[in-house]
Amino acid sequence: MNGGDWRASLDAARDLPDGEPKVAELERIAAHADAAGEVRLGVDARLALVETHRFRGERWRSVEPLHRCLAAVDRRPALFDAEDTAALLRGQHAAVEALSGSPRIGLDQARFLLDDLDRRLAGAEPGTVAELRCGLADHLGDEPAARAWFARWRAAGPGHRCAACVAVRQAGLLTGWGEWAEAVRLLEPLTTDPGDCTDQPEAALAALLLPYLRLGRYDDAGRAHVRAYRRHRREWTAFGHLPAHLLFCALGGHPARGLEILVEQLPRLARPTDERSAMEFAAAGALLCRLAGESGLVRTPDPTGQPDEVEADAGRPHRSIRPAGHPGPARRGHESWPVDALGLGHATRLAEVFGLIRSAGSAGGRDVATLGAELLATATDLAGRFDARNGTGHQSGQVAALLAERPRAGVPAPLPAEPAPDDAEAGPVDAEPDGPGSPGAPVPLTVAMVVAALERRGDRCAVDPAGTVVGRWGEAMIRFERVGSRAEILHARVVATRRLSAGRRAEAYEFVNAWNRDRLQPKAYVHEVENELVLAGDLTTDLAHGVAPAQVEVLVDAAVTTGVAYAEAVAALP
């Protein structure tokens with residue numbers, strides 16, 4: 001192939017789903033570029049690799065291609081513009097941050113990248129460098145150095161970074177250092193005014209859970225947990241917030257709720273965002289199991305020796321955990337769990353425990369203590385990997401300190417009813433069940449009803465000046481708007497974030513035609529924008545006779561569910 005053919009191959013590779021075949025193809029193109037002396041092609045292929053690793057939650061794999069890119073830019077700076085430089089700096093930043101997330105990045109590698117980033121920025125972003133040096137020192141257990149860099153970080157301000165996300169990171173450090181009141185002071189403004197950050201206020205609420213408990217603000221902790229978990233229970237990228245919810249349940253006097261959450265979320269440990277989040281999740285789960293056992297919570301055995309009763313919920317089997325002697329069913333946890341992706345030596349045993357496998361008899365079943373022991377083994381193993389890389393015992397000490405925690409005096413922390421009061425629909429409490437003004441009576445569709453339906457799902461959205469409600473769910477961007485002469489029609493437009501090249505028009509039409517033939521929602525179509533194909537979909541419902549809030553919830557949930565399925569199908573195209 002000539003140079004143009006290889007450039008076309010790179011364009012096609014960028015369009016692949018973010019899986020190992022895409023990684024292999026980009027590495028093949030980069031290797032060809034090195035052999036042919038095509039510096040620009042090699043850097044472009046490796047920058048695409050860096051982005052792919054980031055989207056796959058494998059930032060540790062970006063270190064090697066970043067080193068190659070930086071060396072190429074230093075050799076041939078005239079080939080690269082400001083946009084290329086900015087992309088490399090973002091990649092360096094992410095790779096240094098990934099040090100605390102994975103022991104598979106060498107400590108010397110990360111320090112080299114950090115020093116190199118500091119040199120390239122030349123003082124232009126003091127807050128960025130101070131943040132990274134603070135995080136590195138804290139990860140290694142050097143609190144004095146971390147506090148010194150923390151002071152510089154705060155003095156420099158957030159810079160171009162999201163101020164809300166910076167505040168959450170800073171509050172996490174303060175909480176670890178025992179500065180609970182200061183963490184609360186930093187985060188509480190975000191709970192009422194999250195700004196434009198799509199992670200807020202739920203990320204701030206999760207970060208507030210432990211400080212609230214430490215300060216004895218149990219009502220606030222309960223409200224924060226209920227509100228934030230409604231969102232975090234569904235989002236893959238929110239895995240790092242789950243340990244805070246487990247710790248709240250363990251230390252806030254709600255071990256039964258904690259076990260429900262633990263069993264529900266255990267399958268996500270098969271694909272964590274990084275090893276640190278897996279370690280923290282496993283440690284929090286181990287503590288929860290220990291405290292649940294001490295309070296008399298056990299896995300319910302079947303006295304007949306037969307497999308536990310399995311209920312069907314949305315096509316997935318579940319089995320229950322409940323307090324000893326409690327006659328009623330609890331919420332359910334997943335039956336099956338795919339083998340862990342971190343390569344742990346005890347992955348098979350964990351897979352069995354995570355699935356709460358059918359026992360051969362009541363005496364042979366896995367109980368809460370066994371589950372806790374397996375989770376503790378996971379946390380200890382991962383902490384040991386970090387400490388072996390770091391040459392310290394800090395991470396193992398953190399896990400041990402966590403396991404020594406006990407519930408706070410004065411708990412359990414009160415939990416608000418679901419939905420939380422601040423999200424509840426307003427309406428007269430003494431109205432007749434279906435009379436005028438009743439929450440179940442049909443009323444004209446409003447923007448507030450759509451927003452309330454999304455908030456009860458735990459979703460984050462924004463409303464533009466025209467009244468369009470916009471949100472993003474993974475690969476799908478969805479817009480809800482009222483159309484028609486009386487704004488009586490609910491119109492949901494789904495746009496897949498992945499775009500196809502204009503040369504794949506026939507393939508795109510074939511895909512949407514097949515979708516429309518086999519599926520009822522959304523109605524799919526192709527739209528061309530600047531030589532790219534946008535795959536979108538529509539859902540339209542005429543509500544001329546009014547709609548009840550409960551109906552809006554059903555319509556919104558259907559739009560999100562089918563829209564996400566559509567966008568994921570687009571992302572899975574070859």
Exactly one of these conditions fails for L88: (1) out of contact with any Asp or Glu (no Cβ under 9 Å at 6 or more places or on another chain); (2) crowded, with 20+ Cβ neighbours inside 10 Å; (3) under 25 Å from A383 (Cβ atoms). Give me its number. (3)
All positions within the stretch 53-97 that are closer than 28 Å to P17 by Cβ, in contact with a helix residue (DSSP H, G or I) (Cβ under 7 Å, 6 or more places away or on another chain) and among the basic types (K, R): R54, R59, R61, R68
Only one of (1) touching a helix residue (DSSP H, G or I) at 6+ places or on another chain (Cβ under 8 Å); (2) farther than 30 Å from D464 by Cα; (3) outside any helix (DSSP H, G or I) is not met by G216, so which one is it? (1)
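Listed residues D518, D542; which is without any contact (Cβ under 8 Å) to a residue 12 or more places away in the chain and open to solvent by 90 Å² or more (accessible area, probe 1.4 Å)?
Going through D518, D542 in turn, the sole match is D518.
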Please verify whether the stretch 139-154 includes one or more residues that are within 24 Å of the chain's Cα centre (by Cα) and in contact (Cβ under 8 Å) with a residue 24 or more places away in the chain. yes
Hits in the stretch 392-408 - residues which are more than 27 Å from the chain's Cα centre (by Cα) and either aromatic (F, W, Y) or more than 18 Å from L209 (Cα to Cα) (or both): T392, G393, A404
Test R456 against the stated conditions and say whether it is closer than 22 Å to D193 by Cβ and in contact (Cβ under 8 Å) with a residue 40 or more places away in the chain. yes
Restricting attention to the stretch 172-188, and to residues there that are in a helix (DSSP H, G or I) and within 18 Å of A145 (Cβ to Cβ), which single residue is most open to solvent (accessible area, probe 1.4 Å)? G176
Filter pass, C134 being among the hydrophobic types (A, V, I, L, M, F, W, C) and either under 23 Å from E202 (Cα atoms) or not in a helix (DSSP H, G or I) (or both): no
Filter result (out of contact with any helix residue (DSSP H, G or I) (no Cβ under 7 Å at 6 or more places or on another chain), under 22 Å from G484 (Cα atoms) and among the aliphatic types (A, V, I, L, M)) within the stretch 505-549: A536, L543, A544, V547, A548
Given the condition open to solvent by 30 Å² or more (accessible area, probe 1.4 Å), modelled with pLDDT of 90 or more, outside any helix (DSSP H, G or I) and not basic (K, R), answer yes or no: does some residue in the stretch 474-484 qualify? yes
Expected output for the stretch 86-110 (first residue of a type in the set (K, R), partner at pLDDT below 85, Cβ below 7 Å, 6+ apart or cross-chain) is R104/W60
Across the stretch 250-299, which residue is farthest from L213 (Cα to Cα) among those that are within 15 Å of the chain's Cα centre (by Cα) and of a type in the set (G, A, S)? A270
Within the stretch 219-234, the residues that are touching a helix residue (DSSP H, G or I) at 6+ places or on another chain (Cβ under 6 Å) and open to solvent by less than 10 Å² (accessible area, probe 1.4 Å) are A221, A224, H225, A228, Y229, H232
Take the stretch 488-514 and flag every residue that is assigned to a helix (DSSP H, G or I) and either open to solvent by 20 Å² or more (accessible area, probe 1.4 Å) or out of contact with any strand residue (DSSP E or B) (no Cβ under 7 Å at 6 or more places or on another chain) (or both). A502, G503, R504, R505, A506, E507, Y509, E510, F511, N513, A514
Given the condition charged (D, E, K, R), open to solvent by 10 Å² or more (accessible area, probe 1.4 Å) and under 23 Å from the mean Cα position of the chain (by Cα), answer yes or no: does some residue in the stretch 63-83 qualify? no
Count of residues meeting criterion [open to solvent by less than 40 Å² (accessible area, probe 1.4 Å), within 13 Å of L208 (Cα to Cα) and of a type outside the set (S, T, N, Q)] in the stretch 156-171: 3
Restricting to the stretch 452-473, name every residue that is in a loop (DSSP other than H, G, I, E, B) and among the hydrophobic types (A, V, I, L, M, F, W, C). C461, A466
Just for the stretch 375-392: of the residues that are within 26 Å of C289 (Cβ to Cβ) and hydroxyl-bearing (S, T, Y), which one is least open to solvent (accessible area, probe 1.4 Å)? T378
Looking at the stretch 242-254, I want the residues that are at positive phi and have a partner that is among the hydrophobic types (A, V, I, L, M, F, W, C) and outside any helix (DSSP H, G or I) with Cβ atoms under 7 Å, at least 6 apart or on another chain. Which pairs are those? G253/V411; G253/A413
Which residue pairs have Cβ atoms under 6 Å apart, sit 6 or more places apart or on different chains, and have a first residue in the stretch 3-32 that is more than 18 Å from V63 (Cα to Cα) and without any contact (Cβ under 8 Å) to a residue 60 or more places away in the chain and a second that is of a type in the set (D, E, K, R) and in a helix (DSSP H, G or I)? A13/E25
Condition (residue is within 30 Å of T128 (Cα to Cα) and either surrounded by fewer than 17 Cβ atoms within 10 Å (Cβ to Cβ) or among the hydroxyl-bearing types (S, T, Y) (or both)) applied to the stretch 43-55: is it met by at least one residue? yes
Determine which member of the set A256, A207 is in a helix (DSSP H, G or I), open to solvent by 10 Å² or more (accessible area, probe 1.4 Å) and modelled with pLDDT of 95 or more. A207
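The values are calculated or read from the model by the stated rules, or taken from the named source; none is laboratory data. Treat the numbers as computed from the prediction; the structure is a model and nothing was measured. Using ideal geometry, Cβ is built from the backbone for each residue, glycine included, and neighbour counts are taken over all protein chains shown. To get the accessible areas, we keep the full protein, side chains included, count just its heavy atoms, and leave off ligands, DNA and RNA. Shrake-Rupley method; radii C 1.70, N 1.55, O 1.52, S 1.80 Å.
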